[in-house]
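Everything below concerns the one structure shown next.
The values are calculated or read from the model by the stated rules, or taken from the named source; none is laboratory data. Note that the coordinates shown come from a computational prediction; the quantities given were computed from them, not determined experimentally. Cβ placement follows ideal geometry from the backbone for every residue including glycine, while neighbour counts extend to all protein chains displayed. Only protein heavy atoms, including side chains, enter the accessible area calculation; ligands, DNA and RNA are left aside. Shrake-Rupley method; radii C 1.70, N 1.55, O 1.52, S 1.80 Å.
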Amino acid sequence: PCGLWHPKAPCQSTQVDRSEVIKSNLNPVFAKIFTVDYYFEEVQKLRFEVYDSHGQAGVGTHDDDFLGGMECTVGQIVAQKRVTKPLFLKYGKFAGKSTITIISEEISGNNGYVELAFRAKKLDDKDLFSKSDPFLEIYRIDDDRSEQLVYRTEVVKNNLSPIWEPFKVSLNSLCSCEEKRKLRCVVWDYDSRGKHDFIGEFFTTFEEMQKAMGENKVQWDCMNPKYKIKKRNYKNSGVVVLLDLKIHRVYSFLDYIMGGCQIHFTVAIDFTASNGDPRNSCSLHYINPYQPNEYLKALVAVGEICQDYDSDKKFSALGFGARIPPKYEVSHDFAINFNPDNDECEGIQGVVESYQSCLPKIQLYGPTNVAPIISKVARVAADEERTKEASQYFILLILTDGVVTDMADTREAIVRASYLPMSIIIVGVGNADFTDMQILDGDDGVLRSPKGEPVLRDIVQFVPFREFKNASPTALAKCVLAEVPKQVVEYYSYKAFPPRCPRPPPPEPSLSFP
């Protein structure tokens, strides 16, 4: 087996994944694909280690013989696409003439995969006292005429007409999203010593395979070139049949946006007394005519990004933790424009103006309860969910100066909201200790309700504003909005809601799934 390791520090690394075991082979071609996130701005070191496996324990145990390792970076691999390097034993010694070749492909942006189901009929019998144990390999033929193993089926024992289990492969892996790219399919008779017997092969394309969609089936003669030359009446070494082919489209964030999905932006502002008297220059709510306060900076930074995805440019603006007129009772979900029937403001500037005009009219109080506002937005999102269309997704930006008081209710509300088309961004304003707020951000573990129910999706992103105090506003927006596209796709994929007006497929002959 080959193991992929990610070094975090000198002499320290974490195993990412391992390949399958290929028996009795000094030139193995591994079918396993290692998927690694690529970041241009980082040096991402990787280590590959190869072992001779003797047991079922984890790779690299005392039962396995270390054959060599190699270190490189993700950048080196993607820049060259194909990297061949020597394997090294301990203390930097060459492992003889052993080499390892790593081939890279970008998979993001090609969001489709295909499900294939193969069988064979009347294969040649390669065994003396029993029938063949056939398995099928599919190779993609690249532009340089090299072959890349795409998939290897399981072995079907003692059967000349095997039915292999259906399997899924990405269209990028199968044919580089090019329908006419040639594929080589090879049928082998499995040998436990690794010396598999060649039964036959055939060539095809994904374009030809697609004839198997629906009720149709496609079949190929499985040919042995040597037999074809030597045997006068040779017809084939069996027949391989594609029983079924299903193309699955995995939609991207842009598919939904370009399909008409709107991003509805709601901001919720903390008006608790801990912010300080707005008339005092030390207050977090102090309106400085020459410089916006932290609340305004965060609001504008995030809001200006979201407004491009909302056609009517109207945004809900709510407040919590204040006594409001006329009775000056504490409210945790009031409209800052004081219109209970319509809490929307015209554009981000409208939100800013409503915020500034409401400050003199309210009394900052407490406590810091955010569950009511999460539940309020969730009710609107629930109405949207009932349409069963990908028409509107909700982003709730909560700006607060302290740890929430109703943590149990907030956790419950977030778990409920994770089933709805919404994401929650929490920005901590000021210099308070926000350690407990990290619980709401699922980065360190799965958030659960007080009863132990986990969130369906990680929908909360929390950041303290002070980490971006000296950075540009775009840095804050980039940080807090980075997860939103993934969250949108996760929700609609879970619900199996396609874009309302999916983008048309590109013209033939190339396949592209942006």
Legend entry - Spin-label model distance (nm) - A496 vs D142, 7 Å beyond Cα toward Cβ: 3.7 nm
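When the dipole is taken about the Cα centre of region 261-471, and only Lys, Arg (+1) and Asp, Glu (-1) are charged at their Cβ, what size is it in debye, to the nearest 20?
On the way: 18 positive and 30 negative charges, 63 e Å.
With Lys and Arg at +1 and Asp and Glu at -1, about 300 debye.
For T101 and F198, compute 0.36 nm times the residue count separating them, minus their Cα-Cα distance, and round to one decimal in nm.
Numbers: separation 97, 0.36 × 97 = 34.92 nm, distance 2.44 nm.
Result: 32.5 nm gained on full extension.
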Inset, instruction - Only Lys, Arg, Asp and Glu count, each charged at its Cβ (+1, +1, -1, -1), so figure out the dipole size of region 113-248 about its Cα centre, rounded to 20 debye. - result: 600 debye
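Can you check how the C-alpha radius of gyration of region 121-256 compares to 2.2 N^0.38 Å, as a plain ratio? Show your work: numbers first, answer last.
Working: Rg = 16.4 Å, N = 136, 2.2 N^0.38 = 14.2 Å.
Rg over 2.2 N^0.38 Å, computed on Cα atoms: 1.15.
How high is the FRET efficiency between R448 and S472 when r is their beta carbon distance and R₀ equals 25 Å, given to the nearest 0.05? Numbers along the way, then the final one.
On the way: r = 36 Å, r/R0 = 1.43.
The computed FRET efficiency comes out at 0.10.
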Inset, instruction - List the relative contact order of region 152-201 as a percent without decimals, with contacts defined as Cα pairs under 8 Å and 6+ residues apart. - result: 22 percent
Inset, instruction - Calculate the length of the line joining the C-alpha centroid of region 394-437 to that of region 284-302, in whole Å. - result: 20 Å
Legend entry - Dipole of the chain, positive end: most advanced residue of M437, L254, S311 [Cβ charges, Cα centre]: L254
Inset, instruction - Choose one of S130, A496, Q363: the residue whose Cα lies farthest towards the positive end of the charge dipole of the chain (beta-carbon charges +1 Lys, Arg; -1 Asp, Glu; about the Cα centre). - result: S130
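Over the chain, what is the percentage of antiparallel beta bridges among all DSSP beta bridges, to the nearest 5?
Values: 78 of 104 bridges.
Percentage antiparallel, nearest 5: 75.
Taking the Cα centre of the chain as origin and charging only Cβ (+1 Lys, Arg; -1 Asp, Glu), how large is the dipole, in debye to the nearest 20? Please list the in-between numbers first.
Values: 61 positive and 70 negative charges, 449 e Å.
I would put it at about 2160 debye.
Give K45/K97; K93/K168; K32/K157; K93/K182; K327/K478; K168/K217 a once-over and call out the pairs whose C-alpha atoms are over 29 Å from each other.
K93/K168; K93/K182; K327/K478
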Legend entry - Listed residues L364, L26 arranged by accessible area, highest first, probe 1.4 Å: L26, L364
Legend entry - Values of log10 I(q)/I(0), in the order q = 0.10, 0.11, 0.19 Å⁻¹, for region 261-471 under a Debye, Cα-only, solvent-free model: -0.40, -0.49, -1.55
Inset, instruction - Report, in degrees rounded to the nearest 10, the 0 to 90 angle that the Cα long axis of helix 371-385 makes with the longest principal axis of the chain. - result: 50 degrees
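Need the full-extension length gain, K211 to S161, defined as separation in residues times 0.36 nm minus the C-alpha distance. One decimal, nm.
Working: separation 50, 0.36 × 50 = 18.00 nm, distance 2.19 nm.
Additional length available on full extension: 15.8 nm.
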Legend entry - Label of the coordinate-derived value, volume of the Cα convex hull per residue in Å³, listed as (1) 190; (2) 203; (3) 224: (2)
Inset, instruction - Arrange the residues Y290, Y295, Y139, Y419 by how much accessible surface each exposes, largest first, with a 1.4 angstrom probe. - result: Y290, Y419, Y139, Y295
Legend entry - With Cα atoms, 0 to 90° folded angle of helix 407-417 axis to the chain main axis: 50 degrees
Inset, instruction - Under 19 Å Cα to Cα from K231, which lysines show up? Leave out anything in the same chain fewer than 8 places away. - result: K122, K126
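So what is the relative contact order for region 113-248, in percent, with contacts set as C-alpha pairs under 8 Å and at least six apart?
Values: 321 pairs, mean separation 41.6, N = 136.
Rounded, it is 31 percent for region 113-248.
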Legend entry - Rounded accessible area of S98 (nearest 10 Å², 1.4 Å probe): 50 Å²
Legend entry - Distance between modelled label sites at E115 and E329, nm, 7 Å Cα→Cβ extension: 5.4 nm
Legend entry - Principal-axis tilt of helix 294-306 within the chain, Cα atoms, nearest 10 degrees: 50 degrees
Inset, instruction - Take the Cα of S283, step 7 Å along the line toward its Cβ, and report every residue of region 395-411 whose backbone nitrogen sits under 16 Å from that point. - result: 401
Legend entry - Nearest-0.05 FRET efficiency for K182 and F34, computed from C-beta distance (R0 22 Å): 0.30
Legend entry - Between region 165-184 and region 235-278, the Cα center-to-center distance that results, in Å: 23 Å
Legend entry - Difference of contour (0.36 nm per residue) and Cα-Cα distance, Q15 to R386: 129.2 nm
Inset, instruction - Express in whole angstrom the spacing between the alpha-carbon centres of region 134-155 and region 303-355. - result: 58 Å
